[in-house]
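Encoded as structure tokens, the structure appears first; notes follow it.
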Amino acid sequence: MALISIDRERGLLTAEFQGLDKLWTLKNRLEIPLAHVRGATHDPGIAREPKGIRVGGTHLPGVITAGRFRRDGERLFWEVKNPEKAVVIELADAESYDRLVIEVDDPRATVTLIEQSIARG
């Protein structure tokens with residue numbers, strides 16, 4: 001699971017990974033400029049979509065999907081064990097990823113936080 005935070009002063013969205021998720025994703029955190037965030041949705045169904053080719057990380061079907069994947073030219077970052085808590089963050093002009101698919105504690109609150117932050121930006 002990840003903690004999503006917004007730093008308006010620095011203009012960053014940060015996803016900080018907890019516990020063993022750091023190991024599975026091969027990352028401690030992601031920092032994305034708010035200017036590159038197009039939007040966020042709560043999408044439990046995304047877990048049923050093809051993941052693509054794993055570039056780095058962990059994929060045990062039905063257990064965990066974590067790390068970097070490529071699918072049809074799209075660069076994705078996954079960190080999901082419980083699809084019911086999956087949030088999809090769409091990125092534009094991103095240097096590393098086109099979409100982030102991240103499990104959070106409260107998907108609705110996270111989507112609201114992100115959407116309000118980019119609306120103000």
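Of the residues GLY52, GLY57, GLY121, which is at pLDDT below 95, touching a helix residue (DSSP H, G or I) at 6+ places or on another chain (Cβ under 9 Å) and buried (at least 16 other Cβ atoms within 10 Å of the Cβ)?
Of the residues listed, the single one that is at pLDDT below 95, touching a helix residue (DSSP H, G or I) at 6+ places or on another chain (Cβ under 9 Å) and buried (at least 16 other Cβ atoms within 10 Å of the Cβ) is GLY57.
Just wondering, is there one or more residues in the stretch 89-96 that are within 10 Å of the chain's Cα centre (by Cα), surrounded by fewer than 19 Cβ atoms within 10 Å (Cβ to Cβ) and either touching a residue at least 40 places away in the same chain (Cβ under 8 Å) or not in a loop (DSSP other than H, G, I, E, B) (or both)?
Yes: one or more hits.
Can you find even one residue in the stretch 99-111 that is more than 14 Å from the chain's Cα centre (by Cα) and part of a strand (DSSP E or B)?
Within the stretch 99-111 (the criterion being more than 14 Å from the chain's Cα centre (by Cα) and part of a strand (DSSP E or B)), the answer is no, since none of the residues qualifies.
With the requirement that a residue be among the charged types (D, E, K, R), surrounded by fewer than 17 Cβ atoms within 10 Å (Cβ to Cβ) and assigned to a helix (DSSP H, G or I), what does the stretch 19-45 give you?
LYS22, the sole residue that qualifies.
What tally of residues in the stretch 13-22 results from selecting those that are of a type in the set (A, V, I, L, M, F, W, C) and more than 18 Å from VAL111 (Cβ to Cβ)?
Count: 2.
If you check ARG75, ARG10, which single one turns out to be basic (Lys, Arg), in a loop (DSSP other than H, G, I, E, B), out of contact with any Lys or Arg (no Cβ under 6 Å at 6 or more places or on another chain) and farther than 14 Å from ILE102 by Cβ?
ARG10
The values are calculated or read from the model by the stated rules, or taken from the named source; none is laboratory data. Computed from a prediction, not measured in an experiment: that's the story for all the values here. Reconstructed Cβ throughout: ideal geometry from the backbone, glycine too, with neighbour counts over all protein chains shown.
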